1. Are any residues in segment 14-30 in a loop (DSSP other than H, G, I, E, B) and under 14 Å from Val64 (Cβ atoms), and if so, which ones?
2. Restricting attention to segment 40-72, which residues are of a type in the set (Gly, Ala, Ser) and part of a strand (DSSP E or B)?
3. Across segment 1-29, which residue is surrounded by the fewest Cβ atoms within 10 Å (Cβ to Cβ) among those that are among the polar types (S, T, N, Q) and under 17 Å from Gln74 (Cα atoms)?
4. Restricting the search to segment 73-99, which residues are touching a Leu at 6+ places or on another chain (Cβ under 9 Å) and in a loop (DSSP other than H, G, I, E, B)?
Amino acid sequence: MNEQKQPFQCHVLVCINHRDTGRKSCAESDSPAIRLAIKEQVRARGLTKEEVRVSQTQCLGKCVDGPNVMLYPQDRWFGAVTLDDVPQLVDTIEQIIRG
């Protein structure tokens, strides 16, 4: 094991979990499209991959409140995110990076 320092100033984790069981999941509420929109806006604003990393993840344990987006290591959690929320979410990310 090789422990390292967090390589990104802000790691954006977007739940794209999909369930076939009939229980609510983030993916059924457009979370894959939300992740792509966040990535596009982050790059359009000139934020680098070293500053911000946008990743997809499986269940974060709160699909009932989803889609869910978590900012790490800032410990910020956003639930019920929609495509319309993406600009405001990226504003928050940009504020974290640029102060």
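Just so you know, all these numbers are worked out from the coordinates, no wet-lab data involved. Just so we're clear, the structure is a prediction, and the values are computed from it rather than from any experiment. Cβ coordinates were reconstructed from backbone atoms using ideal geometry, including for glycine residues, and neighbour counts include every protein chain displayed.
1. Result: Asn17, Arg19, Thr21, Gly22, Arg23, Lys24, Ser25.
2. Correct list: Ser55 only.
3. Gln6
4. Listed by number, the list holds a single entry, Val81.
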